[in-house]
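The values are calculated or read from the model by the stated rules, or taken from the named source; none is laboratory data. Fair warning: this is a prediction, and the values are worked out from it, not measured in the lab. Methodologically, a virtual Cβ is constructed for each residue, glycine included, from the backbone with ideal geometry; neighbour enumeration extends over all protein chains shown.
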Amino acid sequence: MTSTPPLPARFDQKTLDVIGSVLSSNHLFYRRFDGTKSFADEAIEAFRNHLDIDYVATTSSGTASIHTALASLEIDAGMEVVVPPITDVGGLMPAIFQNLIPVFADVDRDSGMVTAETIQAVLTEHTKAVIVMHHSGTPVDLDPILALCNEKNIPVIEDAAQALGATYKGKPCGTLGTLGAFSLNHWKHVTTGEGGFVATRDRALFEKCHHFADKYWDRLNSPDSGKNVKNHRIGLNYRLNELESALALDQLPRLADLVARRKAAGDALRYLLAGLPGVVPQSDPGDSSSSYFLFTFRLADNATREAVLERLLLDASGRWDASRGYQNLLHRYPVVQQKAFFPGGVWPAEVVSGRKYDYNNIQLPNAEFYHDTSICMTLHQGFTHEHVKEIADRVKSALS
Ligand SMILES: *Cc1c(COP(=O)(O)O)cnc(C)c1O
């Protein structure tokens with residue numbers, strides 16, 4: 001039996017030194033008023049270079065990034081936003097707060113992700129945005145989705161919270177849609193504890209993102225403390241502070257190595273599993289590359305999934321984890337089913353829309369199927385070929 005993979009430390013003396021230098025600077029606010037560069041300025045530059053994109057606005061979380069991206073689109077209340085049913089709730093709740101109506105698109109049975117076809121099936125004259133998610137860091141098949149949405153003039157937000165380090169047809173995930181939303185929370189490849197950022201090529205949207213995440217204070221065009229700015233929109237305080245920005249600078253250079261290690265394990269496991277009957281491992285659309293935030297695969301049916309999961313966890317002794325799918329189905333959450341979004345039983349967006357939405361009767365058969373048949377694992381960067389081999393052998397023996 002191979003032993004627990006040693007996990008390379010995420011934080012080291014260099015991290016401590018960086019944090020120390022922030023504290024010594026005696027300044028934790030993201031903007032300096034003496035004309036010198038802040039850690040935030042440097043972190044933004046680092047993310048822009050990494051993604052090869054014009055504009056990045058930092059935020060305080062992935063949820064804040066999605067909210068900020070959505071808010072920058074300035075969509076009228078009561079309009080619809082297409083969302084995936086299998087994602088973090090942070091991919092859903094911002095729509096509610098923006099007084100928009102989330103409409104769930106079904107997914108592909110093998111990837112668990114929305115497709116151009118499933119999005120098309122739920123588009124209406126009220127659809128004003130589409131949010132797609134790169135599941136497990138595996139790129140969603142964007143080209144057909146972008147073609148569909150461009151034709152209809154609908155902006156696409158890429159939820160790239162799991163996909164920093166992933167590429168779609170050679171380009172970084174999160175840079176192909178209208179806006180890309182990233183998370184830097186504790187579990188993500190690059191972490192600042194909590195944090196996030198929005199990436200875009202559109203100057204006007206970037207400014208709106210920047211303002212929204214800073215209580216709509218225009219500190220871009222008026223670099224003083226903003227005292228003379230009269231806010232003309234509402235925003236929230238989604239600012240990333242200097243400690244977090246410095247952590248981002250410390251962590252980002254470690255991303256490539258981390259992804260390479262996980263990719264070596266992930267590609268090997270994918271290869272071993274693909275040969276097994278009824279097993280469909282996550283797979284990248286052509287010329288694309290997963291960040292392997294998670295490793296997911298689906299089995300032929302629920303009973304097989306349960307058997308494989310049991311076998312995987314038997315005596316695993318913490319050497320790896322395995323769980324049922326990634327997240328629950330959002331359209332089955334009680335808060336969604338009951339539309340209990342705000343106190344008092346009134347959902348303003350629905351009232352404004354003049355329509356009635358019923359989440360109890362929506363049918364998303366592929367999402368249900370994927371949810372009932374998939375397994376989710378973390379491929380630690382310390383995994384050796386023995387770990388991968390043993391995982392594949394266990395799946396194989398559970399199937400026979
Ligand atoms: C992590 C995550 C989020 C939310 O990010 P937070 O920083 O936790 O708010 C949103 N969407 C996806 C797909 C995520 O993985």
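Tabulated values for the structure
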{"item": "The stretch 105-129 - residue that is within 16 Å of the ligand (Cβ to nearest atom) and in contact with a Ser or Thr (Cβ under 9 Å, 6 or more places away or on another chain) and, of those, farthest from Leu164 (Cα to Cα)", "result": "Ala105"}
{"item": "Filtered residues of the stretch 2-55 (kept if at pLDDT below 90, at negative phi and surrounded by fewer than 17 Cβ atoms within 10 Å (Cβ to Cβ))", "result": "Thr2, Ser3, Thr4, Pro6, Leu7, Pro8, Ala9, Arg10, Phe33, Asp34"}
{"item": "Which numbered condition Asn328 fails, given (1) within 22 Å of the chain's Cα centre (by Cα); (2) more than 22 Å from Asp88 (Cα to Cα); (3) among the polar types (S, T, N, Q)", "result": "(2)"}
{"item": "Residue list for the stretch 350-374, restricted to those being closer than 26 Å to Glu306 by Cβ and among the polar types (S, T, N, Q)", "result": "Gln363, Asn366, Thr373, Ser374"}
{"item": "Residue selected from the stretch 151-171 under the condition surrounded by fewer than 24 Cβ atoms within 10 Å (Cβ to Cβ) and over 16 Å from Val122 (Cα atoms), by the criterion nearest to the ligand (Cβ to nearest atom)", "result": "Thr167"}
{"item": "Options Asp17, Asp12, Asp52; residue that is farther than 22 Å from Tyr216 by Cα, under 21 Å from the mean Cα position of the chain (by Cα) and more than 16 Å from the ligand (Cβ to nearest atom)", "result": "Asp52"}
{"item": "Lone qualifier among Leu92, Leu100, Leu70 - being closer than 30 Å to Asn302 by Cα and of a type outside the set (D, E, K, R)", "result": "Leu92"}
{"item": "Residues within the stretch 171-221 that are closer than 21 Å to Arg31 by Cα and in a loop (DSSP other than H, G, I, E, B), tallied", "result": "14"}
{"item": "Given (1) within 16 Å of the ligand (Cβ to nearest atom); (2) surrounded by fewer than 24 Cβ atoms within 10 Å (Cβ to Cβ); (3) not assigned by TED's automatic domain parsing to the domain that holds Lys37, index of the condition Trp187 fails", "result": "(3)"}
{"item": "Lone qualifier among Phe206, Phe182 - being in contact with a strand residue (DSSP E or B) (Cβ under 6 Å, 6 or more places away or on another chain) and either among the hydroxyl-bearing types (Ser, Thr, Tyr) or more than 16 Å from the ligand (Cβ to nearest atom) (or both)", "result": "Phe206"}
{"item": "Exclusive hit being of a type in the set (Lys, Arg) and within 30 Å of Val190 (Cα to Cα), set Arg311, Arg298, Arg332, Arg305", "result": "Arg298"}
{"item": "Selection status of Asp372, more than 25 Å from Arg332 (Cα to Cα), out of contact with any Cys (no Cβ under 8 Å at 6 or more places or on another chain) and among the charged types (D, E, K, R)", "result": "no"}
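Here's the yes/no breakdown for (1) closer than 30 Å to Ala43 by Cα; (2) at pLDDT 95 or above; (3) in contact with a Leu (Cβ under 8 Å, 6 or more places away or on another chain):
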{"site": "Val279", "(1), (2), (3)": "no, yes, yes"}
{"site": "Phe297", "(1), (2), (3)": "no, yes, yes"}
{"site": "Asn302", "(1), (2), (3)": "no, yes, no"}
{"site": "Glu306", "(1), (2), (3)": "no, yes, no"}
{"site": "Leu309", "(1), (2), (3)": "no, yes, no"}
{"site": "Asn328", "(1), (2), (3)": "no, no, no"}
